[in-house]
Amino acid sequence: MSRIAYVNGLYVPHAEAVVHVEDRGYQFADGVYEVCEVRGGHMVDERRHMARLVRSLNEIRIRQPMPLAALGVVLRETVRRNRVRNGFVYLQVTRGVARRDHYFPDPETPPSIVVTARAADPAKGEAVAAQGIAIITVPDNRWERVDIKTVGLLPNVLAKEAARQAGAREAWFVDRDGNVTEGGSTNAWIVTGDGKLVTRPAESGILRGITRTVMMEVAEKLQLRVEERAFTVKEALGAREAFVTSATNFATPVVRIDGQSIGDGKPGPVARALRENFHKVAEIAR
């Protein structure tokens, strides 16, 4: 079955899905996005993702393309038309099409919206998590407003490619003070020797991941302590466990950082427990 995409009011074959050459998302990365997990044909944490979308739009002053109820219909219809049982739905909103100019276009310029959905095999993700992943560290060279989920991801792309070339799966950005901020497409966590879960505060310097938020609720149910503070690469190397979280990774154990084993070099019990219990806490629409 051929894939279907939603583009500015129309459901079209994925191969024919296009935007205008002067769409500001293409010209300036002037747009935002969300990625939502689909599980059993239903979206996971839709409410939280839509709330973050609205925040991102407000932060860069793009008007909402349609009411959230209507947007939810589009998301679910895109999932349905692509027959996705397990996978992900991607939503992107840009400032729209206008003559190339650094200034904002006319306020009446309609935003552009694209929605796609694709299937993913849960077994593959479980196999990766069972082995754990390797990561590398790279200098954090991104702009300061990484708390906004914009489509301007070139530093992330370069970091992820550097990780792949190094035989790793993810890269952790490190700020000028030597503290880990977050991954190229994930939030970063460690488990200290006394069992505390540590992740950087989301007030600035990182994206407030939806999965990150849910994992804190999972940790509370499991009676695990969470400490939001900065941590260094040195502390991460000496941690009992490390892991990453995202909508596409849930909680995935990190077993090597810059070639050095973490803990015993195997996925640890805390990350495994968080992963196993994630969907018991996440909101799954029915």
(Q) Of everything in segment 211-257, what is open to solvent by 30 Å² or more (accessible area, probe 1.4 Å), modelled with pLDDT of 95 or more and closer than 30 Å to residue 117 by Cα? Give them in sequence order. (A) 213, 216, 217
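Step by step: first the residues of segment 137-163, then only those that are outside any loop (DSSP other than H, G, I, E, B) and among the hydrophobic types (A, V, I, L, M, F, W, C), then the one that is nearest to residue 179 (Cα to Cα). Which residue is that?
Filtering segment 137-163 for residues outside any loop (DSSP other than H, G, I, E, B) gives 137-139, 150, 154-163.
Right, trim to among the hydrophobic types (A, V, I, L, M, F, W, C) and you get 138, 154, 157-159, 162-163.
Working: 138: 11, 154: 21, 157: 20, 158: 20, 159: 16, 162: 19, 163: 18 Å.
Step by step, filter segment 137-163, then rank; the result is 138.
Being among the aliphatic types (A, V, I, L, M) and either in contact with a Phe, Trp or Tyr (Cβ under 7 Å, 6 or more places away or on another chain) or open to solvent by 20 Å² or more (accessible area, probe 1.4 Å) (or both): is that true of residue 198 here?
On the way: among the aliphatic types (A, V, I, L, M): yes; either in contact with a Phe, Trp or Tyr (Cβ under 7 Å, 6 or more places away or on another chain) or open to solvent by 20 Å² or more (accessible area, probe 1.4 Å) (or both): yes.
So residue 198 fits the description; yes.
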Q | Cβ-Cβ under 7 Å pairs, at least 6 apart or on other chains, segment 221-234 side more than 17 Å from residue 178 (Cα to Cα), far side surrounded by 14 or more Cβ atoms within 10 Å (Cβ to Cβ) and of a type in the set (D, E, K, R) | A | 225/196; 227/196
(Q) Tell me the residue from 99, 95 that is open to solvent by 70 Å² or more (accessible area, probe 1.4 Å), in contact (Cβ under 8 Å) with a residue 24 or more places away in the chain and not hydroxyl-bearing (Ser, Thr, Tyr), please. (A) 99
**Q.** Cβ pairs under 7 Å, 6+ apart, first in segment 131-155 and charged (D, E, K, R), second open to solvent by 20 Å² or more (accessible area, probe 1.4 Å) and not in a strand (DSSP E or B)
**A.** 140/175; 142/155; 147/204; 147/207; 147/208; 149/52; 149/207
Q: Identify all residues within segment 59-70 that are over 19 Å from the mean Cα position of the chain (by Cα) and either crowded, with 20+ Cβ neighbours inside 10 Å or not hydrophobic (A, V, I, L, M, F, W, C) (or both); write none if there are none.
A: 61, 62, 63, 64, 65, 67
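The values are calculated or read from the model by the stated rules, or taken from the named source; none is laboratory data. Being a predicted model, the structure only gives us computed values, none of them experimental. Cβ: placed from backbone, ideal geometry, glycine included. Neighbour counts: every protein chain shown. These accessible areas exclude ligands, DNA and RNA; they are computed on the full protein's heavy atoms, side chains included. Shrake-Rupley method; radii C 1.70, N 1.55, O 1.52, S 1.80 Å.
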